Amino acid sequence: MENNIYKVHAPQDYIVAACLLAVGVALFFVNKAFGVTIILIALIEFLIFKSGYKVEGDKLLLKKKSLELSKHCRSSVLDFLEGKTQDPKFLYGNDGGTIMLEIWYNEKGQVAYARLLDYVDFSFQKATDILKLSEVNASKIIAKL
């Protein structure tokens, strides 16, 4: 089963939009044009900006972190994602090429999803699908972030 992850509003997104809206309303009484501009910015920010992630069919809010690693540690990371090892070796940098590890995680729920990407022809291309990590592996990778 493929895990589909999509962007959603996080609680801080609502707080920022509400604060901007309140400032816009207050400024409306001082300078109408400036107040309307701030109100429009608040509405656009609310519609466009989404900083949280959710997995289709799950209600847990996730954060995202991307790590650019050296290609020398690709086999270690791949074994970790497949559950063969429980201690990945991360080599930061781009010696021998670059890979990217995208991690979606929730610290409280100890849940993590990850995907490995290879840098080929000036862009990152999927090396694996989005995989759900076991609880043990999820807590280990969250600790490394």
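A short reminder: the numbers here are calculations on the coordinates, not readings from a lab. This structure is a prediction, so every number in the text was calculated from the model and none was measured. In this analysis, Cβ positions are derived from the backbone assuming ideal geometry, glycine residues included, and neighbour counts consider all displayed protein chains.
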Residue range of the chain that is longest and free of GluC sites (Glu not before Pro) which are both DSSP loop and sparsely packed (at most 14 other C-beta within 10 Å): 3-55
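Under Stokes-Einstein, with the Kirkwood radius over Cα pairs standing in for Rh, what whole-number D in µm²/s applies to the stretch 51-100 at 37 °C and 0.692 mPa s? Present the calculation step by step, with values, prior to reporting the outcome.
Numbers: Rh = 12.5 Å.
Translational D for this selection: 263 µm²/s.
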Amide proton proximity set for residue 3, modelled H, under 5 Å, gap of 5+: 130
Descending principal axes extents, the stretch 1-142, alpha-carbon based, whole Å: 62, 33, 24
Loop trypsin sites (Lys or Arg not before Pro), the stretch 3-55, which have at most 16 other Cβ atoms in a 10 Å radius of their Cβ (DSSP): 50
Estimated vicinal HN-Hα couplings, Hz - the stretch 42-50 in sequence order (Karplus 6.51, -1.76, 1.60; Gly, Pro = x): 4, 5, 5, 4, 5, 6, 9, 7, 9
Using alpha-carbon coordinates, inclination of helix 11-28 to the longest axis of the chain, degrees: 20
Aspartates and glutamates whose Cα lies under 17 Å from that of residue 84, excluding same-chain neighbours fewer than 8 positions away: 129, 135
Relative contact order computed over the stretch 26-121 (Cα-Cα under 8 Å; 6+ residues apart), in percent: 22
Alpha carbon convex hull of the stretch 77-145, projected area averaged over orientations, nm²: 4.6
Helix-only CD estimate at 222 nm, as mean residue ellipticity for the chain, using -39500 (n - 2.57) per DSSP H run (n ≥ 4): -12000 deg cm²/dmol
